[in-house]
Each structure stands twice: as structure tokens, then as C-alpha cells.
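S.K.: First, the structure itself, so that you have it in front of you.
Every number in this text was worked out from the coordinates using simple rules, so none of it is lab data. A quick note: this is a predicted structure, and the numbers were derived from the prediction, not measured. Quick reminder, even Gly has a Cβ in these numbers, built from the backbone with ideal geometry, and neighbours come from all protein chains shown.
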Amino acid sequence: MVTKVLTGNYAVAEAVRLSNVDLITAYPITPQTTIVERLSEFVDMKLIKARLMRVESEFAALAAAYGAALCGARAFTATSSHGLLFAHEMLWWVAGSRVPMVLAVVTRTVGPPWNIWSEHTDFMGQRDCGWLMALAENNQEILDTTIQLYRITEDEEVYLPGMLGFDGFLLSHTSEPVDIPDEDVIKSFLKPRSQPYNMCSDNILTMGNLSNAEDVATMRYDIHKSMENAKEVIKEVDREYEKLTGRSYGGLTECYRCDDSKYLIVAMGGWVGTMKDVCDELRSNGYDVGVLKVRFFRPFPEEDLTKAMSSVKGVLVFDKSVSLGSLGHIHSEVLARTYGLSNKVVVRGVIAGLAGVDVNPNDIRGIILKFIGDVEEGGYIGNTSEWFLGR
Amino acid sequence: MSIKIQGLSRDNYVLPGHTACPGCPETLGLRYVGMALGKDSIIVVPAGCSTIIQGTLPKSSIAMRVINVPFASSASVASGIANVKEILKIGGIPVVWAGDGATADIGFASLSGSAERNDDLIYICVDNEAYMNTGIQRSSLTPYGAWTSTTVTGKREDRKEVPLIMLLHKIPYTATASIAFPLDFISKLRKAATIRGFKYIHLHAPCPTGWRFDPSKTVEVAKLAVEVGAWILFEAEQHKLRLTPPSNIYLDKHKRKHIKDYISVQGRFKDLSEDDLRRFEDFINNTWELLLKFT
Ligand SMILES: Cc1ncc(C[n+]2csc(CCOP(=O)(O)OP(=O)(O)O)c2C)c(N)n1
Ligand code: SF4
């Protein structure tokens, strides 16, 4: 093992290098670009055996990766924001075909107006496509989760594609020390490529022709069941990875000081690190606060969340994305899981950090303390939702 | 490459029970693809009539490997396969089988991208001159004057020359073909299969349902298109174009049948005026002239 100081984007590239990938498809978009730039260096310098296709769009990037994956290739591509939206139709097709592959999504605001800073709406907008979705907190987790996703997506209990999101610039262009596992270790961790069927085998197969309603509905249900299966697989893979590298992320969620907490902060992505710091500080001042980091958004960690909420007074959800006309994405998922809890829990959703609006520790502390104050004063105040616009 | 009917495979690649309209040119074309390439082909099909023709899962009327893909994505999917063939040591030829809408309109960027990269595959545009699967709407390859459900008083724009556009991508092989001349089409496919890089074949496929003619006349109408000079058969290797036999004689304008012979059998042209007809003729003459510049 070596430790290198890497940006989030270079951490992904290292993970792809280690994952014995056959095909990489590349198209530039800020802030994703340095991933494919680094990978093209790896390919040109023959540091990896993968073929690199420099395609004409993100739609083509996904489509070409799909074609290759159908024929047995371990495939990778990466994009952001408008590129992800442009490829949206292919996302459905890949998942519906049950073809494992991995996509890195460097989160970025969707225009107009043009804006390149991080928010999570591009990523969260893909939540219904049938892809496993993880969002990383730091560059080490970016590397580790990319590798883990190849194992998880190619597990026969799962056989679905997976995307790894992480914050543009905040992680993609920020350097941190990252432990890079040895090639041999990852080689033994990742088994040879596995997929449900191969369109380039000698079997005369047809993929995707017309089907009747019941068959299609059943296929959808199968994807849903595989998502459920994936929960156990994700945890198992995380445990196995820990044995090899010493690092674990708790599977679908990470519970940070939340075991005995009265107030639970729920969030995803890079700012969870800041929230943990604020949590430590509040703890030392006598507040019973904990943080539940949602690591996988699909499958949604329902059981973890229900358990974590079962003994708290209040849940404060931070969303860096919103379904306009409704709520923050994590907030609505959390609310859906409060029904049936034996404790009466107050839930507040805070939509913050949109379009890259800075949310610093003071802001987070202020929002948490206000929430605690409102609950302590007002008792059960139900569900509320707020926007933090940075001014 | 001379090919004799007797030497062709008698295997069925399009099985009875398919769900095409009677007289469908796409089933004819697919049958010829099977005869030419047999089980080597891995067919990539975007949305279009050929998705429907296959019939309903878990069965299929096409006895070749078929990958159905989103409307705009076929060239890219085939490119992905082409790019891992070597590394994965897989055989077979990725063959895109796409309509004129999928080719000239929505999938045009994918097509152009694959061609520019010279990915090793065969791309066939099966051109029935409209979006038939969604009920006969105009495409950029619908000819001037034709009725479609979105050009009810006749289309007001000319079709674009996709084969020439592909030729100008400087790909190693570009050809046109017609479902009326299977041996010509099959020999072009076989030649394409021996060439490395991007191969483009544009197959003219008159559609009785969309063009409004009797389903028994598909081959006849396709033949007429060549005989009046409205469809020109050629091939181009290393971007040097040469006419291929069915079209050779029509280089001489006087040998061509009268345009009316072709137009009058199609209901979609029934409202064409004399002026429109002359325009149609001019269009044909100009196309020949343009084409011959590449010989
Ligand atoms: C992105 C997208 N837009 C629209 C459609 C609807 N659609 C399906 S087939 C088709 C027309 C196909 O026309 P063409 O490519 O000419 O093939 P043909 O049906 O004539 O064989 C359309 C518009 C679709 N499937 N996907
Ligand atoms: S509409 Fe034309 S191309 Fe489509 S299935 Fe019918 S005959 Fe064939």
C-alpha cells in the first residue's frame, strides 16, 4: 500500500486503474474532466490494459460502455450535471438490461444559468432509473467505493449498474492523502467479470424486444428485489474490504455518535465531514447530537434509518438537492419512514448548499441549534421544511 | 465479388410469425443480412419498425443475435462492442440495422462519431423515407412533395444525401443498396465484412404502408426507384465512388424510365403537381451530377 495526495478525481482514476477495467468511455465536462484526462494518460502510457473511447457525447459514452458491457467488458465512464442529464435515457436502458457497470458522477448544478459548483440535484434526479447510488464523503471513500461498486454490481444477487457521486470541486479538485491498496489485494477482492448473460456468446439471444405488460412489470419488480438484495451484499462487501484494507464505511449508512443521541442529523456527501466536526463540538457543549450519513441512496437504507430514528426526539435532514414543488430528496425519504415509529419524532428538512452556496460550520451549528431550540420550546411541531440561501 | 443465388445459405434468419405488415421491406432486408453474414452478425436495432417485427418476448422472429437499444444510440452501442472485441477475444460482426429517422435525424451524432473514429462495424440504414413505426411522419430523408402524417400537403424540403455525407467522413467503405437487388446488397455486405473500420450501407426500402402502394409491389417499386434514377446504386472504397451494375446503365439519362412510372404507383405522391414533378426530375438529375463528382 502507498499513500498519495490525490484529488477526488484522481482517486477515481486510481480506483479504475486497480479494477481491471476493459473499456473506458470519455467525454469532457467540468468538474469531471480530470478523471478522463488522467485515465487517458494511464491508457496511453500503457499503465492499464483498458481501451479508451473518446466519444462524441455522454449519451454515446454510456451507450458504448453498455455495448461493451453486454459483451463481457468491465466498463467505466464518468460525467457531471448536463452530461448526466444528456445520458439519462441510456441510464434506464443499462439498468433495465441488468448490465453491471460503474459510473462516476461529479455533482454539479444544472443550468440555467450556467453554474459549475456542486449541488446534488443532477445525481438525485437519477434515483428512479434502477442504478445503485452511493455518494462519497471524502477522497479515500471515493477510491474505496469505486472498487467496491465493481464487486457489488457484479454480484449475482444484484446484477445492476452502480453510480458513485461526489461533490464537484469540494472533493473532485481538493487534494487529500489517499491510501492506495496494492494491486494484488484488489485483484483478489474483485473476482473476474460476472454478468447475467453475454450478447457476444454463441447463444442466439435477443435483448429488449417487445414484451407484454405483466412481463415488464415483473422485470421491474425483479430490479426492486435485487435492490433489496443489494443491501446485504453492500454490507458484506464492506466487511470483506475492511479485512483487506482496514477501512469500513458501515455499509449503507454510517452512524456517527448517533447511538445515544436525541437529535439526529441526516445528510449525504462531502459536507457530512463538516457536520461531524460540528457534532463533536456540540457534544462537548452538552448537546446530544449524532450524524447519520446516508452512503447509499439506492437502495435506500430504510432499516438503518428507522433504527436510528427510533429513539430520538428530532431529525434534521440536510439536502443539497430539491424536487421543486415538493421537498428535499432525502427529507421526503426520511418522512416516509417516520410512519409507524413508536416515538413521536419531529422532522425538519433544510435545503442548503444549492448551486454551491457555501455552508460553513457556523451555518450548520446555527441551523442545528435553532432546530433543537424549536423542539425543546414547542414540543411536537411535526414536519417543517426550510431553505438556506446563504443570504 | 460475384454471388450466385444457388450458393447462398438456405437457413431462415427471419422466421414465420413475425409481426411486420404484409410486403414489408425491412423483413426482406433482414433476410438478406442473414444470408450475407449468417450467425456472425450481432445486430443492433434502435427503435423503429424492426423492433416490432421481432415479435414479443420470450420469442423472437429473428434468428440472429439482436440487441434492441434506444432510438439515438445504435452506432454508439455497436462501437462499444467493436472496441472490446480484441481485448475480450470475441468473434462476430456488430451490425447496426437502423431506420432513416434513427440514422439521419436522432442518431446522426452517434453515427458521425462512430464513423469519425472509424470503429470496426457495419452500419446499415434501412431507408423507408419516413418514421414508419410511429405512423408515417416525415424524416429528413422523406422526399420533396411526399405526403406523411406530419406533411399532409406534401413535404416542402428535399431529402439530404446521407450516403455522400458518410463518404465525406472518409470511411473505408460506403455503399447504397436496394431491397430489389438482393445479390448486389449481399455482395456489398460480404465485401464490407472483409474490410476493417467503419462501413456504411444505405438500403433503399419502399414501404407499402407508408408510401401507399399495394403490398405485393414492394420489390417492383424498389426496382422502379432505380430504373427512374431516383435511387442510385454505388459503392465507394477509400472514398472513390463507382456505380454498381443495376445503376450503371442509368448514367445515360435516356435509358431511365419516366419519373411518372415511379411516382404514380405511390399514393403518397397523389397530389403532386406538374411543377412538383419537374422539380423531382431536377432533383434526380442534380443528385446524379453531384454523385458523379466523386467517381
Ligand atoms: C428518444 C425517442 N424519441 C421518439 C421515439 C419514438 N419512435 C420510435 S420509432 C420512431 C420512428 C422510427 O423511424 P425510423 O428510424 O425511420 O424507422 P422505421 O420505423 O421507419 O423503420 C419514433 C419516432 C423513441 N422511441 N425514442
Ligand atoms: S410500416 Fe413499412 S417498414 Fe414498417 S413494418 Fe410496415 S411495411 Fe414494414
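S.K.: Could you tell me the distance between the Cα centroids of segment A:323-383 and segment B:125-156, to the nearest Å?
M.R.: Rounded to whole Å, the Cα centres lie 54 Å apart.
S.K.: Same structure again: Given B:LYS155/B:LYS270; A:LYS187/A:LYS243; B:LYS89/B:LYS188; A:LYS49/B:LYS89, which pairs have Cα atoms separated by over 18 Å?
M.R.: Going by Cα-Cα distance, B:LYS89/B:LYS188 fall outside the 18 Å limit.
S.K.: Also, I was wondering about something else. Would you kindly calculate the translational diffusion coefficient of segment A:253-389, applying Stokes-Einstein with the Kirkwood radius from alpha carbon pairs, for 25 °C and a viscosity of 0.890 mPa s, and quote it in µm² s⁻¹ without decimals?
M.R.: 167
S.K.: Continuing with this model, one more query. If the viscosity is 0.890 mPa s and the temperature 25 °C, what translational diffusion coefficient in µm²/s does Stokes-Einstein give for chain A when Rh comes from Kirkwood over Cα pairs? Numbers along the way, then the final one.
M.R.: Working: Rh = 21.3 Å.
It comes out at roughly 115 µm²/s.
S.K.: Within 10 Å of each residue's Cβ, count the other Cβ atoms and sort A:ARG391, B:ARG242, A:ARG74, B:ARG65 from fewest upward.
M.R.: A:ARG391, B:ARG242, B:ARG65, A:ARG74
S.K.: Search the structure for amide H atoms under 5 Å from the amide H of A:VAL55, placed 1.01 Å from N in the peptide plane, and list their residues when 5 or more places away or on another chain.
M.R.: It is A:ALA26, by chain and number.
S.K.: Less than 12 Å Cβ to Cβ from A:ARG337, Lys/Arg counted +1 and Asp/Glu -1: what total charge do the surrounding residues give?
M.R.: -3
S.K.: What list of ³J(HN,Hα) couplings, whole Hz, do you get for segment B:280-295 from phi and the Karplus terms 6.51, -1.76, 1.60, once you set θ to phi - 60° and write x for glycine and proline?
M.R.: 4, 4, 4, 4, 4, 4, 4, 5, 4, 4, 4, 4, 5, 4, 9, 7
S.K.: Round to the nearest 0.05 the FRET efficiency obtained for A:HIS224 and A:ASN343 when R0 = 25 Å and r is the Cβ-Cβ distance.
M.R.: Working: r = 29 Å, r/R0 = 1.15.
It comes out at approximately 0.30.
S.K.: Continuing with the same structure: Expressed as a rounded percentage, what relative contact order does chain A have, with Cα pairs under 8 Å and six or more residues apart?
M.R.: Relative contact order here is 16 percent.
S.K.: Right, something else. Counting other beta carbons within 10 Å of each Cβ, put A:HIS224, A:HIS82 in order, fewest first.
M.R.: Ordered by Cβ neighbours within 10 Å, fewest first: A:HIS224, A:HIS82.
S.K.: Here is a follow-up. If you take every residue apart from A:PHE86 with its C-beta less than 12 Å away from the C-beta of A:PHE86, what net charge results, scoring Lys and Arg +1 and Asp and Glu -1?
M.R.: Taking every Cβ under 12 Å from that of A:PHE86, the sum is -4.
S.K.: If R₀ is 60 angstrom, what is the calculated FRET efficiency for the pair A:LEU335 and A:LYS243, using the beta carbon separation as r and rounding to 0.05?
M.R.: Efficiency computed from Cβ-Cβ geometry: 0.95.
S.K.: Work out the charge dipole of chain A with +1 on the Cβ of Lys and Arg and -1 on the Cβ of Asp and Glu about the Cα centre, then indicate which of A:GLY111, A:GLN195, A:GLY290 is farthest towards its positive end.
M.R.: So the residue furthest toward the plus end is A:GLY111.
S.K.: Dipole of chain A, Cα-centred, from +1 at each Lys and Arg C-beta and -1 at each Asp and Glu C-beta, to the nearest 20 debye?
M.R.: That gives a dipole near 140 debye.
S.K.: Answer with one residue from B:LEU292, B:GLY113, A:HIS224: the one whose Cα lies farthest towards the positive end of the charge dipole of the protein assembly as shown, charges on Cβ with Lys, Arg +1 and Asp, Glu -1.
M.R.: With unit charges placed on the Cβ atoms, the residue in question is B:LEU292.
S.K.: Using the Karplus curve 6.51 cos²θ - 1.76 cosθ + 1.60 with θ = phi - 60°, work out ³J(HN,Hα) for each residue of segment A:309-319 in order, rounded to whole Hz, and write x for Gly and Pro.
M.R.: 7, 5, 10, 10, 8, x, 10, 10, 9, 9, 10
S.K.: A:SER323 versus A:LYS191, label points 7 Å from Cα toward the beta carbon: distance in nm?
M.R.: So the label points at A:SER323 and A:LYS191 sit 3.6 nm apart.
S.K.: State the answer as a single residue: which of A:ILE364, A:LEU85, A:ILE186 lies farthest towards the positive end of the charge dipole of chain A, with beta carbon charges of +1 for Lys and Arg and -1 for Asp and Glu, about the Cα centre.
M.R.: It is A:LEU85, whose Cα lies furthest towards the positive end.
S.K.: About the Cα centre of the protein assembly as shown, what is the dipole size in debye to 20, counting +1 per Lys and Arg Cβ and -1 per Asp and Glu Cβ, all else neutral?
M.R.: The dipole magnitude comes to about 2120 debye.
S.K.: Using alpha carbons only, how many degrees (0 to 90, rounded to 10) separate the axis of helix B:108-117 from the longest principal axis of chain B?
M.R.: Approximately 50 degrees, to the nearest ten.
S.K.: Let me ask you something else. Would you mind estimating how fast the protein assembly as shown diffuses translationally, via Stokes-Einstein at 4 °C and 1.567 mPa s with the Kirkwood radius over Cα pairs, in µm²/s?
M.R.: Using the Kirkwood radius from Cα pairs, D works out to 47 µm²/s.
S.K.: Now, a different point. Applying the Karplus parametrisation 6.51 cos²θ - 1.76 cosθ + 1.60 with θ = phi - 60° to the phi angles of segment A:225-238, what ³J(HN,Hα) value in whole Hz is obtained for each residue in order, glycine and proline being reported as x?
M.R.: 5, 5, 4, 4, 4, 4, 4, 5, 4, 4, 5, 4, 5, 5
S.K.: Now for a different question. Could you tell me the calculated FRET efficiency between B:ASP276 and A:LYS307, based on Cβ-Cβ distance and R0 = 51 angstrom, to the nearest 0.05? Each step should come with its number before you reach the end.
M.R.: Numbers: r = 74 Å, r/R0 = 1.45.
Efficiency at R0 = 51 Å is approximately 0.10.
S.K.: Only residues of segment B:40-58 count here: report those whose backbone N is under 20 Å from the spot 7 Å along Cα→Cβ of A:ASN203, or say none.
M.R.: B:40-45, B:55-58
S.K.: Give me A:ASP238, B:ASP214, B:ASP275, A:ASP288 sorted ascending by neighbouring Cβ count inside 10 Å, so fewest comes first.
M.R.: Ascending number of Cβ neighbours within 10 Å: B:ASP275, B:ASP214, A:ASP288, A:ASP238.
S.K.: Cα centroids of segment A:184-254 and segment B:260-288: how far apart, whole angstrom?
M.R.: The two parts, judged by their Cα centres, are 57 Å apart.
S.K.: Per the helix-only calculation at 222 nm, which mean residue ellipticity applies to the protein assembly as shown, given -39500 (n - 2.57) for every DSSP H run of n ≥ 4 and division by its residues, nearest 500 deg cm²/dmol?
M.R.: Using -39500 (n - 2.57) per qualifying helix, the result is -11500 deg cm²/dmol.
S.K.: Using Cα atoms only, what is the angle between the long axis of helix B:74-88 and the major principal axis of chain B, expressed in degrees (0 to 90) to the nearest 10?
M.R.: That helix lies at roughly 30 degrees to the long axis.
S.K.: Rounded to the nearest angstrom and ordered from largest down, what semi-axes does the equivalent ellipsoid of segment B:25-292 get from its C-alpha gyration tensor (root of 5λ)?
M.R.: Taking √(5λ) for each eigenvalue gives 29, 21, 16 Å, largest first.
S.K.: Please report the net charge: other residues with Cβ closer than 10 Å to the Cβ of A:ILE367, K and R +1, D and E -1.
M.R.: On the way: positive: A:ARG348, A:ARG365, A:LYS370; negative: A:ASP363, A:GLU386.
Combined, the nearby Lys, Arg, Asp and Glu give +1.
S.K.: Filter the GluC sites (Glu not before Pro) in segment A:255-333 to those in DSSP coil with at most 10 other Cβ atoms within 10 Å of their Cβ, and list the result.
M.R.: none
S.K.: Moving to a separate point now. Skipping prolines and chain starts, which residues have an amide H placed within reach, meaning under 5 Å, of the one on B:LEU121, given they are 5 or more residues away or on another chain?
M.R.: For B:LEU121, the qualifying residues are B:GLY197, B:PHE198, B:LYS199.
S.K.: Nearest 10 degrees, 0 to 90: what angle lies between the long axis of helix A:361-378 and the longest principal axis of chain A (Cα atoms)?
M.R.: 50
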